[in-house]
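For reference, the structure discussed in these notes is given below.
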Amino acid sequence: MTQPAVSVNATEERLAGLDMPAGGWSKPARHDALARVRAMGLPQRRDEYWKYTRPDTLVAATAPKAAVFDPRETPVFDGIDRLKIVFQDGVFDAAASDDLRESGVTIERLSEAQADIHWAADLYGRLETRGQTPVARPLAALNTAFASDGVLIRVSGACARPINLQYHHGAEHSDAMLHHVIKLEQGAALTLLENGPAAARFNKVMEVDVADGASFHHVRAQGRDHERRAVTHIFARLGAQSVFKSFTLTANGVLTRNECVIELTGDDAVAHVAGACVGDGDFHHDDTVFVTHDAVGCESRQVFKKVLRNGATGVFQGKILVKKDAQKTDGYQISQSLLLDGDSQFLAKPELEIYADDVACSHGSTSGAIDEDALFYLRSRGVPHGDATNLLTLAFLAEAVDEIENQALRDEILGRLSGWLERHSG
């Protein structure tokens, strides 16, 4: 099928402003990705998986402006003992980062690991390529071709403390692409934390390969009151009896689209993806998730909650695909929004596609306002209106936040949500 001329022109205009990093083991994957971008074209509003979200500012030749601000509060996860890796406008900041040596873990920069032979060559761009079927994800392919930095993490045992990727934004028109590759060997365990606004426009890909019996826990906090525009992608492949759990908190931002593509390829694997989103005013947030069950006895959960006010928009597109031999699948999906006024909107597209006959799969999506009976109950007992609304809002978000297993991390996220509600109440 021939691409429309407008798509071809927009794609070539974007590509003209980018420089592909030189050579080494990643060169074949980068050139393959570039060819795929040209064949697919960058996304347009009329594309099925972009009909709820305008991709214009994500594909434009130049990055839009985003103000640089002082966050005025302690950074997320600052009270957690962790190994800190910092990127400033998409470039690794060695001075602000910790020593990258850690027991049971090998950490390298993508930009420095350019020998002809490297373990990451078997993964870089591979999971992203697999994730292009059946849905095209051209911004992920664009990242594979042109990402200039990122980290390569190989975990051989149980990592003693979390690894924290911190993103700092210091230039109004910064345009960053980061690509992370994470490989967990058999029986290994890692907790990965992410936080901070990376750039005025940010495109990130994370490829995660979880071997048999390994465990990957991911907690992410995206920005606060920032004019960022971001698209992120997680591509994960799970082996037998492995665990993958990812939670994202998003607080404001002009445009955020988080894509998560998971393949359960080993029997008895577990994959949970969750998110809590709070937005006010000029805010558009899109969670797009695709989970494929391709093994026996696997479990997946998608739990997404969005709180929207003053005309904010939330989007959820979630799919569970169960292949014919994936018997005894347990798949659960819920997406809900709490609209704090009549101007906000929630757009949802939940999907199930099942070819096995011994499964337990369900999905649901609801949108509504604060429970007036519950609000009246709290008010009648002397709780001020703003505090009562905040309590009910936190209760609404609780199912998503409870997906975080670590109590300290869960408390950290709840504290951030409470702070956002206090700042935006009234």
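The values are calculated or read from the model by the stated rules, or taken from the named source; none is laboratory data. All values derive from a computational prediction rather than experimental measurement. Positions of Cβ are generated from backbone atoms using ideal geometry, with glycine treated the same way; all protein chains shown enter the neighbour counts.
For residue 140, indicate whether it is touching an Asp or Glu at 6+ places or on another chain (Cβ under 8 Å) and more than 24 Å from residue 100 (Cβ to Cβ). The answer is yes for residue 140. Mind checking which residues of the range 177-213 are small (Gly, Ala, Ser) and at pLDDT 95 or above? Scanning the range 177-213 gives 187, 188, 189, 211, 213. Determine whether the range 205-218 contains at least one residue that is acidic (Asp, Glu) and in a strand (DSSP E or B). Scanning the range 205-218, I find at least one residue that is acidic (Asp, Glu) and in a strand (DSSP E or B), so the answer is yes. Within 23 Å of residue 349 (Cα to Cα), part of a loop (DSSP other than H, G, I, E, B) and hydrophobic (A, V, I, L, M, F, W, C), is that true of residue 135? Taking the combined requirement at face value, the residue satisfies it. Taking the range 282-321 as the range and being among the basic types (Lys, Arg), within 17 Å of residue 249 (Cβ to Cβ) and without any contact (Cβ under 8 Å) to a residue 60 or more places away in the chain as the test, only 306 passes. Counted as qualifying within the range 3-70 are the helices (runs of 4 or more DSSP H) with 1 or more residues that are modelled with pLDDT under 95, over 24 Å from the mean Cα position of the chain (by Cα) and of a type in the set (A, V, I, L, M, F, W, C), namely 5-16. Within the range 105-132, being part of a helix (DSSP H, G or I), under 20 Å from residue 263 (Cα atoms) and touching a residue at least 12 places away in the same chain (Cβ under 8 Å) holds for 120, 121, 126, 127, 128, 129, 130. Would you check which residues across the range 248-260 are crowded, with 24+ Cβ neighbours inside 10 Å and closer than 24 Å to residue 322 by Cβ and list them? Within the range 248-260, 258, 260 meet the criteria. As a summary of the residue check, residue 245 satisfies the conditions (1) within 12 Å of the chain's Cα centre (by Cα); (2) surrounded by 23 or more Cβ atoms within 10 Å (Cβ to Cβ) except for the one numbered (2). Please verify whether the range 227-234 includes one or more residues that are touching a strand residue (DSSP E or B) at 6+ places or on another chain (Cβ under 9 Å), within 26 Å of residue 41 (Cα to Cα), hydroxyl-bearing (Ser, Thr, Tyr) and surrounded by fewer than 23 Cβ atoms within 10 Å (Cβ to Cβ). Looking for residues that are touching a strand residue (DSSP E or B) at 6+ places or on another chain (Cβ under 9 Å), within 26 Å of residue 41 (Cα to Cα), hydroxyl-bearing (Ser, Thr, Tyr) and surrounded by fewer than 23 Cβ atoms within 10 Å (Cβ to Cβ), one finds none in the range 227-234, hence no.
Given the criteria part of a strand (DSSP E or B) and out of contact with any Pro (no Cβ under 6 Å at 6 or more places or on another chain), does residue 152 qualify? Yes: the conditions hold for residue 152. Would you call residue 415 closer than 22 Å to residue 220 by Cα and at pLDDT below 95? For residue 415, the condition - closer than 22 Å to residue 220 by Cα and at pLDDT below 95 - is met. Scoring residue 230 on the criteria (1) modelled with pLDDT of 95 or more; (2) over 23 Å from residue 334 (Cβ atoms); (3) assigned to a strand (DSSP E or B) leaves a single failure, condition (1). Residue 244 satisfies every condition listed in (1) free of Cβ contacts under 8 Å to residues at least 60 places away in the same chain; (2) farther than 24 Å from residue 394 by Cα; (3) part of a loop (DSSP other than H, G, I, E, B); (4) of a type outside the set (Val, Ile, Thr) except (3). For the range 10-50, a residue qualifies if it is of a type in the set (Lys, Arg) and farther than 15 Å from residue 138 by Cα, and exactly one does: 27.
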